[in-house]
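The values are calculated or read from the model by the stated rules, or taken from the named source; none is laboratory data. As the structure is a prediction and not an experimental result, all values here were calculated from the model. Positions of Cβ are backbone-derived with ideal geometry, glycine not excepted, and every protein chain shown enters the neighbour counts. Only protein heavy atoms, including side chains, enter the accessible area calculation; ligands, DNA and RNA are left aside. Shrake-Rupley method; radii C 1.70, N 1.55, O 1.52, S 1.80 Å.
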Amino acid sequence: MAGGGFGNEGGNLKRAHLYEYKITNYFIFACLVAATGGSLFGYDLGVSGGVTSMDDFLKEFFPKIYRRKQAHLHETDYCKYDNQLLTLFTSSLYFAGLVSTFGASYVTRNKGRRASILVGAVSFFLGGAINAGAVNITMLIIGRILLGAGIGFGNQAVPLYLSEMAPAKHRGAVNQLFQFTTCMGILIANLINYKTDKIHKWGWRLSLGLATVPATLMFVGGLALPETPNSLVEQGRLEEAKRVLVKVRGTPNVDAEFADLIEASDAARAIKHPFRNLLQRKNRPQLVLGALGIPAFQQLTGMNSILFYAPILFQTLGFGSGASLISSVLTSGMLVLATLVSMALVDRFGRRAFFLEAGFEMFCYMIAVAITLALKFGEGETLPKAIGWFLVVIICLFVFAYGRSWGPLGWLVPSELFPLETRSAGQSMVVCVNLLFTALIAQCFLVSLCHLKYGIFLLFAGLIFIMSSFIFFLLPETKRVPIEEVYLLWKDHWFWKKYVEDDDEKDIRKPTT
């Protein structure tokens with residue numbers, strides 16, 4: 001088939017049919033606590049756009065933008081917020097995150113997933129505190145850098161932690177707890193922004209300072225977290241690993257799964273340079289799909305532009321400050337609802353179906369936004385309220401499609417693809433590429449909106465078509481395949497099988513001299 005799907009759902013896998021598990025309270029606790037790491041990422045995504053649209057914040061740090069906003073200049077409506085220093089306030093966090101994720105890779109591999117979660121919580125707490133007390137742009141940027149380091153560590157460790165703790169049958173839903181808490185963070189941040197916008201002079205400080213709350217919860221909960229069995233085996237702590245596996249699975253019959261962990265760990269120990277190993281020919285599918293393609297395309301959907309700048313975007317479209325924040329609450333609420341739908345159904349229908357169906361919808365919605373803006377919005381014209389609310393509905397539908405596809409699956413699928421020997425390095429690449437494109441989109445969206453106008457949405461539509469084709473042709477189905485046996489999928493894929501031939505097969509074909 002064109003997509004190279006794995007039709008028998010693991011029929012060729014080695015020990016998967018011997019795995020046993022129960023859903024225990026211990027397992028539920030560990031996953032819920034770890035998933036709070038997503039709330040750090042989500043809270044910042046939600047709070048940044050709201051704060052940068054607040055008049056009190058603009059007066060203190062960006063007075064030129066405030067004066068431009070109040071003056072109703074006869075310039076194109078698309079350019080009201082075009083300021084690179086303002087966008088640097090948002091994007092500096094993501095540039096810091098992509099750098100810190102390489103340090104997170106070392107900690108995650110050598111000290112464990114739990115250690116990275118704790119480091120991320122501390123760094124995010126410090127960043128939130130500094131931003132709340134900022135008196136100049138330098139303090140704002142320093143705070144954002146610390147927030148970025150926290151997100152770099154958290155985003156590196158949490159998806160791995162959830163995927164490794166989950167039984168294969170429920171891995172999709174469990175991993176998407178990260179996306180769910182991310183979406184809840186966005187929603188809560190938008191609700192807080194709506195309230196603090198009415199607290200003049202210092203409301204924005206409260207919005208930024210409350211970032212310390214999820215960081216505190218993550219740190220305190222992280223102290224009680226068990227390390228994943230995969231990580232313990234990787235560190236050579238075999239007896240402890242088996243005890244944790246028995247406790248997490250709720251059964252003493254874990255020999256088959258534990259044997260797979262040992263086997264994967266033995267292969268991992270032979271790899272001294274995991275980043276270099278990731279570049280090898282046999283790891284080409286994981287590199288292209290997991291480390292580069294999916295995390296880049298997740299940002300190129302245009303979704304994060306809407307999340308970053310939803311209040312600014314809606315103000316640009318003619319909504320007042322309060323109405324624009326309400327619109328942001330609506331979009332973030334749709335994101336939470338979509339994630340619940342994805343969690344409930346992704347392990348039944350599979351990853352590819354969600355990617356492709358939602359991709360078609362997202363393409364149509366972006367075309368609709370572009371056409372509407374081209375016809376009804378432009379140089380100093382007031383956008384009719386009916387058209388404005390039509391755009392809100394279309395954006396909400398776009399968010400709903402993204403929230404059940406590229407949003408959660410952009411983290412889930414890469415975390416499933418890497419073998420243990422390159423898993424921490426691979427996840428670092430995922431986070432690095434994700435945050436690099438997040439930062440570039442954050443830095444370039446407002447200036448692109450200014451110059452391309454409605455054409456920016458046509459550009460996103462074209463990118464969505466390309467990424468959907470990428471998924472259709474290159475991604476096999478990974479639902480219900482044990483994480484340590486996903487590598488066997490590549491041997492049956494129409495395209496990737498030529499890259500993952502066994503070494504002994506290649507040796508046979510080598511000419512003798």
If contacts are Cα pairs under 8 angstrom and at least 6 residues apart, what is the relative contact order of the chain in percent?
28
At q = 0.16, 0.23, 0.27, 0.33 Å⁻¹, what base-10 log of I(q)/I(0) does the Debye formula yield for the stretch 125-171 when every alpha carbon is treated as an equal point scatterer in vacuo?
-0.53, -0.73, -0.86, -1.04
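What accessible area per residue comes out for the chain, rounded to a whole number of Å², with a 1.4 Å probe?
On a per-residue basis, the chain sits at 37 Å².
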Mind pulling the angle between the C-alpha long axis of helix 137-165 and the longest principal axis of the chain? Nearest 10 degrees, somewhere in 0 to 90.
30
Would you mind checking the tilt of helix 84-110 against the longest principal axis of the Cα atoms of the chain, expressed as 0 to 90 degrees and rounded to 10?
20
Could you check how much of the accessible area of the chain is carbon and sulfur, as a whole percent, using a 1.4 Å probe?
66
Apply 1/(1 + (r/R0)^6) to the Cβ-Cβ distance of Asn25 and Ala267, taking R0 = 25 Å, and write down the FRET efficiency to the nearest 0.05.
0.15
Gyration tensor verdict on the stretch 417-480 (Cα atoms; rounded if a/c is under 1.5, prolate if a/b is larger than b/c, oblate otherwise)
oblate
For the stretch 230-273, which trypsin sites (Lys or Arg not before Pro) are both in a DSSP coil and crowded by at most 12 other Cβ atoms within 10 Å?
Lys272
Shape descriptor, the chain: equivalent ellipsoid semi-axes (Cα gyration tensor, sqrt 5λ, whole Å, largest first) stand at 40, 26, 19
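Tell me whether the stretch 385-458 comes out rounded, prolate or oblate; compute the Cα gyration tensor, take square roots of the eigenvalues as a ≥ b ≥ c, and use a/c under 1.5 as the rounded threshold. Present the calculation step by step, with values, prior to reporting the outcome.
On the way: a/c = 4.72, a/b = 1.84, b/c = 2.57.
Judged from the Cα gyration tensor, the stretch 385-458 comes out oblate (a/c at least 1.5, b/c at or above a/b).
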Per residue, the convex hull enclosing the Cα atoms of the stretch 344-414 spans a volume in Å³ of 94
Would you mind checking the tilt of helix 303-316 against the longest principal axis of the Cα atoms of the chain, expressed as 0 to 90 degrees and rounded to 10?
10
For the stretch 116-201, what class follows from the C-alpha gyration tensor (a ≥ b ≥ c being the square roots of its eigenvalues): rounded when a/c is under 1.5, otherwise prolate if a/b is larger than b/c, else oblate?
oblate
